[in-house]
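To start, the structure itself, in structure tokens.
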Amino acid sequence: MKKIVGIFLVISLIFVSACSKQNVNEENDEGKLTVTTTIGQIADAVKQIGGEKVTVNSLMGPGTDPHLYKATQGDIAKLEKADIIFYSGLHLEGKMLDVLERINKTKPTYAIAEAIDKESLLSANGGSYAYDPHVWFDITLWKQALEEVKTGLIEKDPANKSYYEENAQNYFKQLDELQSYAAGEMARIPEEQRVLVTAHDAFGYFGKAFNMEVMGLQGLSTDSEYGLGDVQKLVDTLVKRNIKAVFIESSISERSINAVIEGAKQKGHKVKIGGELFSDAMGEEGTDEGTYIGMYKHNVKTISESIK
């Protein structure tokens, strides 16, 4: 019996030792920074700039509204395990602000949109916002924000500085090409037809970049309430200006826009849904729309084909 127990203990020790070595080897093989982000747009940028040197966890997936999002226990664990954290800021993740500010005391945490020159930001109209936080729709401003991603990665991992700089340079070239593509497509829309009507006011920077008037039923945040008066005001505008297409958003219920369509119908004006746009969230991972560039191209194509 003692012999059997002894053999069992030896086997157990060998197994534990092997597992320990395997874990160490796995850690050594990885050698990556663990990065946690809030929205998918930031996660995609970190993947592009960080490349094989990072493992990225995004808290907010497809169809998630960052304005209303509250951190779960699983999210807290991801934030605590991260080597570095990137979030948008400008109050986009308003209900997570306390958590993000608290975690900032213990590890590198970057609000990347807050690095943009304030004179370049669109002012908000009341509410808890000083500025419009949807900066990723202006590619020039988004590149400024992404400089913070590059800076953050280099500060945390200076040995790979040249790697991050080269990746950022290559990615920014792709963003410049995207901007040229978008400008060309939007220029094909007659100026008098450049009116974009959506569920909430997320496309201000897009409108400014491409000389397009933007109207949203709700304000900058989906946390803001809208009433019958807001619906009626938008309906009157659609009828008066003969606007025939409105757009839904992937992260917001269609209910509000459907109320506008029905209101216009009652006034004898037919309005169609021009398509679904990605505003605060991107598409499913593994699809073109699951990347920032793919999402942006989808929006440009959907808008240009529906209103020109």
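Could we say that LYS267 is farther than 14 Å from SER306 by Cβ and charged (D, E, K, R) here? The answer is yes for LYS267.
Exactly one condition in (1) open to solvent by 20 Å² or more (accessible area, probe 1.4 Å); (2) under 20 Å from LYS47 (Cβ atoms); (3) within 22 Å of the chain's Cα centre (by Cα) is false for GLU155; which is it? Every condition holds for GLU155 apart from (3). Has region 289-299 got at least one residue that is within 18 Å of ALA202 (Cβ to Cβ) and assigned to a loop (DSSP other than H, G, I, E, B)? Among the residues of region 289-299, not one is within 18 Å of ALA202 (Cβ to Cβ) and assigned to a loop (DSSP other than H, G, I, E, B), which makes the answer no.
If the requirement is being at pLDDT below 95, open to solvent by 40 Å² or more (accessible area, probe 1.4 Å), closer than 30 Å to PHE210 by Cα and of a type in the set (A, V, I, L, M, F, W, C), which of these qualifies: ALA124, ALA115, ALA130?
Details: ALA124 fails: open to solvent by 40 Å² or more (accessible area, probe 1.4 Å); ALA115 fails: at pLDDT below 95.
Selected residue: ALA130, the only one of ALA124, ALA115, ALA130 that is at pLDDT below 95, open to solvent by 40 Å² or more (accessible area, probe 1.4 Å), closer than 30 Å to PHE210 by Cα and of a type in the set (A, V, I, L, M, F, W, C).
Put simply, of GLU148, GLU165, GLU177 the only residue that is in contact with a strand residue (DSSP E or B) (Cβ under 9 Å, 6 or more places away or on another chain), acidic (Asp, Glu) and open to solvent by 40 Å² or more (accessible area, probe 1.4 Å) is GLU148. The single condition among (1) loosely packed, with under 14 Cβ neighbours inside 10 Å; (2) touching a helix residue (DSSP H, G or I) at 6+ places or on another chain (Cβ under 8 Å) that ASN242 does not meet is (2).
The values are calculated or read from the model by the stated rules, or taken from the named source; none is laboratory data. Since the structure is predicted, the reported quantities are computational estimates derived from the model, not experimental observations. Ideal geometry is used to build each Cβ from the backbone, glycine not excepted, and the neighbour counts take in all protein chains shown. Just so you know, the surface numbers come from the protein's heavy atoms only, side chains and all, with ligands and any DNA or RNA stripped out. Shrake-Rupley method; radii C 1.70, N 1.55, O 1.52, S 1.80 Å.
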